[in-house]
Amino acid sequence: MSKKWKNVLIILGTAGVVYVSFYFLLPLVVPFVFAFVFAKLTQPVVQKLHKSCHINEKICSLLIILLFLGAIGSFLFYIGYICIGQLTEILKSAPAHIGTCARLCERACGGVDNLLGLRSGETYLWMENSLSDMDGRISQVYLPKLTGCIPKMLVTLGEWGAGFIVFIMATLLISFDRDSSLKYRSLMPYIKRLKTAGFAYLKAQGIIIFLVAAVSAAGLFIIRIPYAILLGITIGIVDAFPIFGSGSILIPWAVIELVQKDFFQGAVLITLYVITLLLREIMEPRLMGKEMGLKPLYVLIAVYVGIKLFGLGGIILGPIGLTILKTVAETKIRV
């Protein structure tokens, strides 16, 4: 067999192993993967505290891990508290927003009637009938299904709680175990490359999501939106999806404001969209390209394929899988 076909078979075999591992094995070891990453991230701080204060290394590990988890938990709790308050404000103002949307729909339907030569109100009547049928379907079909999912949701929450406890215990055990060197040194180039690329991708996405959310929240504060933080976080998360992006929220919102002749708010929303688009277009290649060694187009393809194969988790798993394939193609591994 020629060397070329042998390399092709190796890459195809690796792709199969990556898919099976991500789909079947990864859900079983997720707490331990996060624990390993978290323990390695806190290890330099633990070593610095141990050397400067001469405290037992295990006690240092326990203190630093609890401090980090407490800080992260407090931040998330504070953000969650604000978001819940702003979500309450959205629900309180929902009737007003629904009324505004109804008036806009009525005007749009009137334009359709004039364009198609229909009787006045015919399009709006058709829309009302369609929405009534949808309401009946929701109450008769989807609502019972949603009620039936509540026990499963409670079980899932219990599993997440158990996974979090396992994560904390595994993090402590990994931190206490200093002898964690690999037995197979020939794997080191592969592990280092994957670690560098994986951290580069996660760091880049985290920074970009944070910047987009912060800029969006600041812009929404300017136009005095009472739930700016919640919407800013939502825009930042949606912006990470290559198919949607921040424009899926900001552009329709801007169009609605312009139709209502609120030109200031419409201009601010369009400006926000341009800024968030430039942020991602400028920051993403700089943060990921050099460290991952992947072109932005390949990363986009990997994210899309990952979403198709693994759902939302594919946003992370897709580029990591591509990095594994690239590393295997470039590095000769002898175990």
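The values are calculated or read from the model by the stated rules, or taken from the named source; none is laboratory data. Treat the numbers as computed from the prediction; the structure is a model and nothing was measured. Quick reminder, even Gly has a Cβ in these numbers, built from the backbone with ideal geometry, and neighbours come from all protein chains shown. We work out accessible area using only protein heavy atoms, side chains counted, and drop any ligands, DNA or RNA first. Shrake-Rupley method; radii C 1.70, N 1.55, O 1.52, S 1.80 Å.
Miscellaneous remarks
- Hey, Leu309 farther than 16 Å from Ala240 by Cβ, modelled with pLDDT of 80 or more and either touching a Cys at 6+ places or on another chain (Cβ under 9 Å) or of a type outside the set (Phe, Trp, Tyr) (or both) or not: yes
- Test: Ser61 is among the hydroxyl-bearing types (Ser, Thr, Tyr), over 21 Å from the mean Cα position of the chain (by Cα) and either at pLDDT 85 or above or surrounded by 12 or more Cβ atoms within 10 Å (Cβ to Cβ) (or both): yes
- The single residue among Gly206, Gly232 that is farther than 14 Å from Tyr273 by Cα and open to solvent by less than 50 Å² (accessible area, probe 1.4 Å) turns out to be Gly206.
- Among residues of region 258-274, those that are free of Cβ contacts under 8 Å to residues at least 24 places away in the same chain and surrounded by 19 or more Cβ atoms within 10 Å (Cβ to Cβ), counted: 1
- Filter pass, Leu67 being out of contact with any helix residue (DSSP H, G or I) (no Cβ under 8 Å at 6 or more places or on another chain), over 30 Å from Val255 (Cα atoms), modelled with pLDDT of 75 or more and open to solvent by 90 Å² or more (accessible area, probe 1.4 Å): yes
- Unique residue being among the aliphatic types (A, V, I, L, M) and exposed (fewer than 12 other Cβ atoms within 10 Å of the Cβ) when the list is Leu26, Leu49, Leu76: Leu76
- When region 304-319 is filtered for residues that are open to solvent by less than 40 Å² (accessible area, probe 1.4 Å), under 18 Å from Thr14 (Cα atoms) and either of a type in the set (Asp, Glu) or in contact (Cβ under 8 Å) with a residue 24 or more places away in the chain (or both), the ones remaining, listed by number, are Leu317, Pro319.
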